[in-house]
1. Taking the conditions exactly as written (at pLDDT below 95 and either surrounded by 13 or more Cβ atoms within 10 Å (Cβ to Cβ) or more than 17 Å from residue 21 (Cβ to Cβ) (or both)), does residue 115 satisfy them or not?
2. Just give me the residues in the range 141-163 being exposed (fewer than 14 other Cβ atoms within 10 Å of the Cβ) and farther than 22 Å from residue 18 by Cβ, in sequence order.
3. In this structure, is residue 136 part of a helix (DSSP H, G or I), loosely packed, with under 13 Cβ neighbours inside 10 Å and at negative phi?
4. Which one of these does residue 113 not meet: (1) under 12 Å from residue 1 (Cβ atoms); (2) out of contact with any helix residue (DSSP H, G or I) (no Cβ under 9 Å at 6 or more places or on another chain)?
5. For residue 145, only one of the following conditions fails: (1) under 18 Å from residue 42 (Cα atoms); (2) part of a loop (DSSP other than H, G, I, E, B); (3) in contact with a strand residue (DSSP E or B) (Cβ under 8 Å, 6 or more places away or on another chain). What is its number?
6. Select from the range 23-48 the residues that are under 14 Å from the mean Cα position of the chain (by Cα) and under 14 Å from residue 5 (Cβ atoms) and list them in ascending order.
7. Among the listed residues 151, 124, identify the single one that is in contact with a strand residue (DSSP E or B) (Cβ under 6 Å, 6 or more places away or on another chain) and at positive phi.
8. May I ask you to verify whether residue 131 is surrounded by fewer than 14 Cβ atoms within 10 Å (Cβ to Cβ), touching a residue at least 12 places away in the same chain (Cβ under 8 Å) and within 24 Å of residue 20 (Cβ to Cβ)?
């Protein structure tokens, strides 16, 4: 199981239940990596997607405490543990994609983190990802050259969990 996200320099990932950045190459990379696999997300992350619809060409697992929640094209888990029981956590095609509490609950079970690190900060950001550079179990195994899109510079990083 892996995590995938984009984050600002201060590890911010969201503001008012929306992504901080909309970068074409980042979205393309997300699609390429996750298509055909399973994505796990919280209900609010689902609601932030276009049309509040599950992602096409992927198995979508939505984590919510709301026992009444249903969504066509998605499977519902009422806890993180229930979601983890629905997947093979050793598989490389299982992707944790947010939000903040889902990442925090599942990060230790992830083998890799695919991070788009944007050379910017966003004032008022309210959701953050753990700073992997300060966690000894995470090691950078690759990083891209800088990409500049619409005046915004970013890089793709891959971190590996030394404990798994």
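The values are calculated or read from the model by the stated rules, or taken from the named source; none is laboratory data. Note that the coordinates shown come from a computational prediction; the quantities given were computed from them, not determined experimentally. Every residue, glycine among them, receives a Cβ derived from its backbone with ideal geometry; neighbour counts consider all protein chains shown.
1. So residue 115 fails the test.
2. Correct list: 141, 142, 143, 145, 146, 148, 162, 163.
3. On the way: part of a helix (DSSP H, G or I): no; loosely packed, with under 13 Cβ neighbours inside 10 Å: yes; at negative phi: yes.
So residue 136 does not fit the description; no.
4. (2)
5. Answer for residue 145: the failing condition is (1).
6. 26, 27, 29, 30, 33, 34, 39, 40, 41, 42, 45, 48
7. Of 151, 124, the one residue that is in contact with a strand residue (DSSP E or B) (Cβ under 6 Å, 6 or more places away or on another chain) and at positive phi is 124.
8. Yes; evaluated as a whole, the condition is true for this residue.
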